[in-house]
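Report on the following structure.
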Amino acid sequence: MLKQRIITALILLPIALCGFFLLEGSGFALFIGLVVTLGAWEWARLAGFTAQSIRVAFAAIVALMLFVMYIVPGLAPWVLGASVLWWAVATYLVLTYPRSAEIWASAACKLVIGLLILLPAWQGLIQIKQEPLGNWLIMAVMVLVWGADIGAYFSGKAFGKRKLAPQVSPGKSWEGVYGGLLLSLVITAIVGISRGWGFTQILMALIGAALIVFISVVGDLTESMFKRQSGIKDSSNLLPGHGGVLDRIDSLTAAIPVFAVLLWMAAP
């Protein structure tokens, strides 16, 4: 399993990096759209649909919606605004699971939730890419999420006692969350100091980083909640040793649109 994971990672990493940082404009939108469309195909399974025809149809609908969003950029504020509201609701759903399952048990509701997760993730990346330091900002949100994951793994393994959401993901602990948060904040502070930011800038960056870390945890737990309800271990087997596309991007689907909104709010 470990060998398989390493081989898959070595193949995917350069593809992902080239797609994120070398592609521009429509090429970048198409690359991210492909990833999101594959995620939609997986999400239909989490929604309870096993027939390939329905899963492909849902993926095609998502692809069409992405195209509409690309040619109508004025939709961006609405899409990202809906995302912020959704992740606030998702936090409640995760904290109250399994009781909350009554709210979203229907297949139609699950498909709508899939749209609220996937479409803003694409839109957020498109918006971030258009910023003057777009590539570096994309790297920044990824480093925050990866740093939180790494810190959570080691601190949870060493100190984890209090379960974060035992009904959703029994392996996660509050100590893991705090460790991940600490590492991400340290990374943020180091970047701020090295770039000569003032106290206020660093403070605001730390607050933003903390919010991104917490919402990324919600993104991770949200997919875990739907997988648990569906009795599915991985969203698919597209990535040998890693599960599916959604299993790799669940935290980012929450962090990216919120990060994009924070950038908008911070703009002069």
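The values are calculated or read from the model by the stated rules, or taken from the named source; none is laboratory data. The structure displayed is predicted, hence computed values, not measured ones. All Cβ positions, even for glycine, are placed from backbone atoms using ideal geometry, and neighbour counts span all protein chains on display.
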_Single unsatisfied condition, Ile150 versus (1) surrounded by fewer than 23 Cβ atoms within 10 Å (Cβ to Cβ); (2) closer than 29 Å to Leu115 by Cβ_ = (2)
*Scanning segment 2-36 for residues that are loosely packed, with under 11 Cβ neighbours inside 10 Å and more than 24 Å from Ala63 (Cβ to Cβ), which turns out modelled with the lowest pLDDT?*
Leu2
*Considering each of Ser251, Ser230 in turn, give the residue that is more than 19 Å from Val89 (Cβ to Cβ) and either crowded, with 20+ Cβ neighbours inside 10 Å or of a type in the set (S, T, N, Q) (or both).*
Ser230
*Ile113 passes all but one of (1) β-branched (Val, Ile, Thr); (2) closer than 23 Å to Gly134 by Cβ; (3) in contact with a helix residue (DSSP H, G or I) (Cβ under 8 Å, 6 or more places away or on another chain); which number fails?*
(2)
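Residue by residue, here is whether (1) buried (at least 21 other Cβ atoms within 10 Å of the Cβ); (2) out of contact with any Ser or Thr (no Cβ under 8 Å at 6 or more places or on another chain); (3) without any contact (Cβ under 8 Å) to a residue 12 or more places away in the chain; (4) within 19 Å of Ile215 (Cα to Cα) holds:
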{"position": "Val84", "(1), (2), (3), (4)": "no, yes, no, yes"}
{"position": "Ala90", "(1), (2), (3), (4)": "yes, no, no, yes"}
{"position": "Pro120", "(1), (2), (3), (4)": "yes, no, no, yes"}
{"position": "Leu125", "(1), (2), (3), (4)": "yes, yes, no, yes"}
{"position": "Leu133", "(1), (2), (3), (4)": "no, yes, yes, no"}
{"position": "Pro166", "(1), (2), (3), (4)": "no, yes, yes, yes"}
*Among the residues of segment 224-268, which ones are within 19 Å of Tyr97 (Cα to Cα), assigned to a helix (DSSP H, G or I) and free of Cβ contacts under 8 Å to residues at least 40 places away in the same chain?*
Asp250
_Verdict on Val62 being farther than 16 Å from Val112 by Cβ, in contact with a helix residue (DSSP H, G or I) (Cβ under 9 Å, 6 or more places away or on another chain), among the hydrophobic types (A, V, I, L, M, F, W, C) and in contact (Cβ under 8 Å) with a residue 12 or more places away in the chain_ = no
*Which of the following residues is at positive phi, modelled with pLDDT of 90 or more and more than 19 Å from the chain's Cα centre (by Cα): Gly241, Gly231, Gly196?*
Gly196
